[in-house]
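The block underneath contains the structure these notes are about, expressed in structure tokens.
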Amino acid sequence: MEFKAAVILEQGVTFALVLVHKHIADNQAEAAKVQQIFSALFPGIPAVLMGKDPIGRTTYFGREDICRFMATVPESAVPWQIYEFSGFGPARLSARTGNTNHPEPFRSPKTQTETIS
């Protein structure tokens, strides 16, 4: 599975920002489940979800202070990377650089077959 994320250090706080479909970030129960997955992938730092709809509106889910801060940051300033996840355990998460402009946002397992318009 590939997903788009950034590990950010700002004002002494390190956190992971993960791009997801906006309907995930908008649904607190679903967002909490997905956030748990990413918290396991980025241990020791808070995981914040960024939901983005097709016209660019964003919603954040996670620590309130980080969400407020990220709402003021232009997306172009985020150091996005594409991460590849191949299962839980040591060395199962790797980042790659390259064109990170248009990867698919993370979809929760139950929405894998849904078409987002």
**Study point:** Packing-based order for 30-41, 74-85, 7-18, using average beta carbon neighbours within 10 Å, highest first
**Key:** 30-41, 7-18, 74-85
Point to revise | Net charge over other residues, Cβ less than 14 angstrom from the Cβ of Phe69 (K, R count +1; D, E count -1) | key: -2
Revision key, fill the gap. Exposure proxy check on Ile45, Ile55: fewest-to-most Cβ neighbours within 10 Å is Ile55, Ile45
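Can you check what the net charge comes to around Leu17, using other residues whose Cβ is under 13 Å from the Cβ of Leu17 (Lys, Arg +1; Asp, Glu -1)? Mind dumping the intermediate values first?
Details: positive: Lys4, Lys52, Arg63; negative: Glu10, Glu75.
Here the count lands on +1.
Bear in mind these aren't lab numbers, they're just calculated from the coordinates by the rules spelled out. Just so it is clear, the model here is predicted, and its values are computed rather than measured. In this analysis, Cβ positions are derived from the backbone assuming ideal geometry, glycine residues included, and neighbour counts consider all displayed protein chains.
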